[in-house]
Amino acid sequence: MKISIVTPVFNSVTTIEKTILSVISQKRNFPLEYIVIDGGSTDGTIQIINKYADQINLFISEPDRGPYDAMNKGINHSTGDVIGIINSDDWYHDNAIATVEQEFCQNHNISVLYSPITNYYKGEYVATFVPGDLDKLLFRFTLNHPSCFITKSAYNLVGLYNLEYPIAADYDLILRLFVSGVNFHYVSTPLASYSLSGMSSSAIPFDRLKLIRECWKISCSHSNQFSREMELQRWKVYGAWVFNELFALPTRYFLKPPLARKLKSFLSRYLGKPVSDTYGKW
């Protein structure tokens, strides 16, 4: 078995080294291929990447259409049986690759492996996200992309990331895999850490609105067989999501994520959660 890791990067001079080190320092029993796809960085990122050139199998630096375009390039160049994607401000935990190897060796029918993921803001731990129920993927994203390892054969089956969705293409891909009927496998140990500074974590209201809109479009694209009850459930889910965003808007501007998360947890304890834990919990 061979695992390929792809890192899309653009102007990430302050974070890329930690990402690279988290990949090349992994203990493993099988070959590991590391591919870095840069979008034409100008801030010193390329110089840092070049420091580790002897441990990176393929490095491409050229203009692209964003991170999902870079991911697609990396997948197309990958020669591994299993592919993981770790962004340039995220990182793998120790023994993540060894865990992935073990799970795929013991369960040969796995197409998608996923796990909880820890969240950080400027180096400070915020919370751990635990994935929700797979059947809720029909309504919204219940996993976290950096924790996912997907077989090359699964990509061949459903295709690559759809660049029509610049923020939520990961949800679209995972939903297509789920609808196709491939086997998902959950491990309870977090495999990666996620920095709360990426596209889908933006605090800018317009970006949050774009994320909700893209997820709605993706869900609707797979709803031909929705019953009236399921359609109503989707409206409730997105209504609760919009309400939650409106409620969180002041805290996103006036509080840092660690404190905002503590406040949200405190209020949820007494007022209830606007979105069920079946969609993932913190």
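The values are calculated or read from the model by the stated rules, or taken from the named source; none is laboratory data. As the structure is a prediction and not an experimental result, all values here were calculated from the model. Backbone-built Cβ (ideal geometry, glycine too); neighbour counts: all protein chains shown.
Brief remarks follow.
- Qualifying residues in the range 106-124 (those that are in a loop (DSSP other than H, G, I, E, B) and modelled with pLDDT of 95 or more) - the one surrounded by the most Cβ atoms within 10 Å (Cβ to Cβ): SER115
- In the range 15-47, the residues that are closer than 14 Å to SER88 by Cα, of a type in the set (S, T, N, Q) and over 20 Å from the mean Cα position of the chain (by Cα): SER41, THR45
- Residue within the range 136-159 that is modelled with pLDDT of 95 or more and on the phi > 0 side of the Ramachandran plot present: yes
- Output for the range 151-165, where each listed residue is over 16 Å from the mean Cα position of the chain (by Cα) and either surrounded by fewer than 16 Cβ atoms within 10 Å (Cβ to Cβ) or of a type in the set (Lys, Arg) (or both): LYS152, SER153, ASN156, LEU157, GLY159, GLU164
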